[in-house]
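To keep things clear, I will list the structure first and then write my remarks on it.
What follows draws every value from the coordinates through simple rules; no lab data is involved. Predicted model, so just to flag it, every value in this text is computed and none were measured. No Cβ is skipped: glycine too gets one built from the backbone with ideal geometry, and neighbour counts run over all protein chains shown.
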Amino acid sequence: MNKLKSEEITKNIFLHTFKENKFKTNLINFYFKRPLNKEEVTYNAILPMVLQRGTNVYKTSKDLVKKLEHLYGAHISGGVTKKGERQIIRFSMSIANENYVDDSNVLYEGLELLNDIITNPILNNGVFLNDYVNQEKENLKNKIKGRSNDKMKYAVDKCVEIMCENENYGIYEYGNIHDLQKITSESLYNHYRKVINNSELDVVVVGNTDHDKIKEILLEILDINISNPTSTEYRIEEVIPTKIKEVEDEMEVNQGKLTLGYRTNIPYYDNLYPALMVYSNVLGGGANCKLFRKVREEYSLCYYIFSRLEKYKSLMLISSGIEIENFNKAKDVIKKQLIEIEKGNITDKEMDYAKKNIVNSIKQLKDTPHDLAEYIYGQIISKSIEPLEKLIDKIESIKTEQVIEVSKNIKLDTIYFITNKR
């Protein structure tokens, strides 16, 4: 990735710029890396929501909107994700590139505003404003309570939680209502100080920008001093399921949601990982994959079906929507497709389609600043910065024998099914 330039600009703060002149905007993402654990997961989830409400300079959401309009319709957002057993707090700004507006200070002002949101929150008696905290607690509570509205996503998330019930990865990244109720303006502010002072920070910038210019601005305005970052390093431990967990939930649904969770025990830093990507696509990567052709087209057992990888936890999830009465048959046909791959029953056409599917997905990462930034940060997390072209070469060079080798590592861990209420 020769367009990428990375350096530690000051202690524990890393700047990564990807110069790309085809975008009319610059994307600036601040990533704070935290351990994923029950003690702070809910605090981390609500924190960016509260910080976006106002600063000492722009005290209300209305004031912030006016400033963003002044910055040619810049956009800010924030949230959390989990990558393995790490929780990432992200603050993001999309702002017009200086080459397309008549304002040479727009980048400086944008970075200044983002810094203000992160480091200069509006306070009352030295803590966050009660109104802002209480309002965002209510918003987060509704988000947590409403997670089951999207049954397909909920089924996958729930399967992961059951699989990893004794591992931190099983924690929902937005926390839980019980802990949310205990959060106060004071306790949240105390946690905020810990995040700001003790989290490794990566700043990823994608756009037609100059690395040294951004570095100079950040060193001038950034009011963050990270002396002793909390460790978030971990290696993925091998897990061999001793017993398949099978859980069924009853909900108001017309269509059953069946999710099968597998342990792959192939970490993202393993040489076999690209072959695992191909394996997952041969199995469930589109209209020409085994699952779609067999479970949907040949047996008419599902409405949709696909497989996906959880890169930072070495998991594979198969998700499908089925008629309730097809549960056992669908489950059996799905399992049979994994056996077929392990037996070596993979056609050249399946391999070619899987590789093209992955390569097209990789190439599409170049189409938006957001996708590029997320890919770059994923590489940073992986401690393996490699150009997209190199990843494409790895995928295209995968042999059928490597996919068969991968298949021998895949072990079913959990079956989760949402059925209708009886």
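Overview of values
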{"quantity": "Burial ranking of peptide ranges 125-136, 411-422 (average Cβ count within 10 Å, highest at the top)", "calculated": "411-422, 125-136"}
{"quantity": "Distance in nm between pseudo-label sites at GLU167 and GLN181 (7 Å out along the Cβ direction from Cα)", "calculated": "3.1"}
{"quantity": "Degrees, to the nearest 10: 151-163 long Cα axis against longest axis of the chain", "calculated": "80"}
{"quantity": "Cα-based helix-to-principal-axis angle, 273-284 vs the chain, degrees rounded to 10", "calculated": "60"}
{"quantity": "Global geometry of region 17-131, whether rounded, prolate or oblate, following the gyration tensor of its Cα atoms and the 1.5 cut on a/c", "calculated": "oblate"}
{"quantity": "Extended-chain gain in nm, criterion 0.36 nm per residue less alpha-carbon gap, SER231 and ASN149", "calculated": "26.0 nm"}
{"quantity": "Highest-MSF residue in the chain out of ILE385, ILE88, ILE118 [GNM, Cα springs under 10 Å]", "calculated": "ILE385"}
{"quantity": "Eligible lysines near LYS33 by straight Cα distance, threshold 21 Å, same-chain separation 8 or greater", "calculated": "LYS5, LYS11, LYS82, LYS83, LYS194, LYS215, LYS311, LYS313, LYS383"}
{"quantity": "Vicinal HN-Hα couplings computed from phi for region 384-397 (Karplus, 6.51 cos²θ - 1.76 cosθ + 1.60; Hz; Gly/Pro x)", "calculated": "8, 7, 9, x, 4, 5, 5, 5, 4, 4, 5, 4, 5, 8"}
{"quantity": "Only Lys, Arg (+1) and Asp, Glu (-1) charged, at Cβ; the chain dipole about Cα centre in debye", "calculated": "960"}
{"quantity": "Highest to lowest packing among 153-162, 297-306, scored as the average C-beta count within 10 Å", "calculated": "153-162, 297-306"}
{"quantity": "In order through region 112-124: 3J(HN,Hα) via Karplus (6.51 cos²θ - 1.76 cosθ + 1.60), integer Hz, x for Gly, Pro", "calculated": "5, 5, 4, 4, 5, 4, 7, 10, 10, x, 6, 10, 9"}
{"quantity": "Computed lengthening from ASN360 to LYS19, 0.36 nm per intervening residue step minus Cα-Cα distance", "calculated": "120.6 nm"}
{"quantity": "Mean separation of Cα contacts under 8 Å, 6 or more apart, over the residue count of region 197-335: relative contact order %", "calculated": "23"}
{"quantity": "Phi-based couplings in Hz for region 7-18 (Karplus 6.51, -1.76, 1.60; Gly and Pro marked x)", "calculated": "6, 7, 7, 7, 4, 6, 10, 10, 10, 10, 10, 10"}
{"quantity": "Using alpha-carbon coordinates, inclination of helix 327-342 to the longest axis of the chain, degrees", "calculated": "90"}
{"quantity": "Order by protection proxy (mean Cβ within 10 Å, highest first), peptides 61-74, 276-289", "calculated": "276-289, 61-74"}
{"quantity": "Distance between modelled label sites at ILE339 and ASP63, nm, 7 Å Cα→Cβ extension", "calculated": "6.7"}
{"quantity": "Choice from GLN255, GLN364, GLN52 showing the highest fluctuation, given a GNM over the chain with Cα pairs closer than 10 Å", "calculated": "GLN364"}
{"quantity": "15 Å reach of a label modelled at ASP348, 7 Å along Cα-to-Cβ, counting backbone N of region 397-416", "calculated": "399-401"}
{"quantity": "Antiparallel content of DSSP bridges confined to the chain, in %, to 5", "calculated": "80"}
{"quantity": "Overall dimensions of region 4-221 by Cα: Rg and Dmax, Å", "calculated": "18.2, 55"}
